[in-house]
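Notes follow the structure.
The values are calculated or read from the model by the stated rules, or taken from the named source; none is laboratory data. Note that the structure is predicted; figures quoted are calculated from it, not measured. With ideal geometry, Cβ positions are generated from the backbone for all residues, glycine too; neighbour counts draw on all protein chains shown. Surface areas here come from the heavy atoms of the whole protein model, side chains and all, with no ligands, DNA or RNA. Shrake-Rupley method; radii C 1.70, N 1.55, O 1.52, S 1.80 Å.
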Amino acid sequence: MTSGYTEAERRLRAIVRAFLSPGVWLVVAAQFLAQFALRQGVPTGESGPDLPRTLLFSALMMGFVYLQAGAYHGLAKGSDRLTLREVATPGVALFARFLWLFLKLGVSVALVFNLFALALLGGVGVSPDALVRQFAPYLPMLLAVLGLAFVYWLPLVFVTDDFRLFATWRRALHTAWQRLPQSGFLAALLIAPVVLLLLLPEAVPEVLLLSLSTLASLLGWIVYIYCVEWLRDHPPEDASAAG
């Protein structure tokens with residue numbers, strides 16, 4: 001099935017839907033607060049971590065993830081603007097599946113990095129710390145490119161309600177490759193904030209970095225909406241025939 005949208009209409013619809021969705025702005029604001037808290041670090045006192053503030057910090061992080069799950073689900077299942085209620089009520093079961101998915105993702109990424117580090121350590125004698133320092137300047141662009149390669153992953157997870165990690169990875173990569181000619185719009189939205197970040201001087205105000213991160217978050221939601229709506233209009237059995 002198809003919606004009849006042209007590529008330009010689909011892109012414009014994603015932009016308009018993101019900007020008119022109170023739920024999207026709520027998650028963007030929550031991400032701003034979460035990143036601000038992360039930059040402050042885990043609070044500590046003279047005798048160790050400040051327990052009440054640490055618990056508050058943890059609650060803020062979990063609250064942000066909870067809202068993210070609600071936004072991903074609401075945008076994937078609806079076609080109108082995302083409401084505050086949809087974001088705030090994803091349900092415990094969905095939240096648990098979302099956390100479990102990202103736990104598997106974290107373990108997989110850590111395993112790949114460790115294997116890569118061990119291979120370099122044995123081959124050229126580079127320590128893991130030195131490896132991190134050498135790759136740090138390229139990390140934002142690398143993450144942006146990986147984000148583009150897996151741009152259909154989370155949309156596919158929530159559109160199909162399939163929370164298997166490797167099965168959805170495989171299908172997402174297949175879809176991204178299949179739609180490579182139409183990926184310029186997505187690439188521009190994902191990579192533009194990284195380019196802006198790389199062009200900034202080293203000493204910039206924290207508020208500017210947080211503002212840039214907020215912009216990247218909003219652009220990321222536009223990308224998510226675009227991918228979600230394309231996947232809904234082209235189910236897996238029809239996607240191979242879609243150009």
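Below are the figures for this structure:
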| item | result |
| --- | --- |
| Matching residues, segment 50-88, being of a type outside the set (Gly, Ala, Ser), surrounded by fewer than 17 Cβ atoms within 10 Å (Cβ to Cβ) and either farther than 12 Å from residue 30 by Cα or in contact with an Asp or Glu (Cβ under 8 Å, 6 or more places away or on another chain) (or both) | 50, 51, 52, 53, 54, 55, 56, 77, 80, 83, 84, 85 |
| 2 or more residues touching a residue at least 60 places away in the same chain (Cβ under 8 Å) and not aliphatic (A, V, I, L, M): qualifying helices (runs of 4 or more DSSP H) within segment 151-227 | 153-160, 165-178 |
| Selection within segment 86-115 - without any contact (Cβ under 8 Å) to a residue 60 or more places away in the chain and not hydrophobic (A, V, I, L, M, F, W, C) | 89, 90, 91, 106, 108, 114 |
| Condition check for residue 186: aliphatic (A, V, I, L, M) and closer than 22 Å to residue 35 by Cβ | no |
| Test result for residue 179, more than 16 Å from the chain's Cα centre (by Cα) and open to solvent by 40 Å² or more (accessible area, probe 1.4 Å) | no |
| Subset of segment 14-49 (residues that are modelled with pLDDT of 75 or more, out of contact with any helix residue (DSSP H, G or I) (no Cβ under 7 Å at 6 or more places or on another chain) and surrounded by fewer than 17 Cβ atoms within 10 Å (Cβ to Cβ)) | 16, 19, 20, 29, 38 |
| Evaluation of residue 215 against (1) at pLDDT below 95; (2) within 15 Å of the chain's Cα centre (by Cα); (3) under 30 Å from residue 107 (Cβ atoms) (one fails), failing number | (3) |
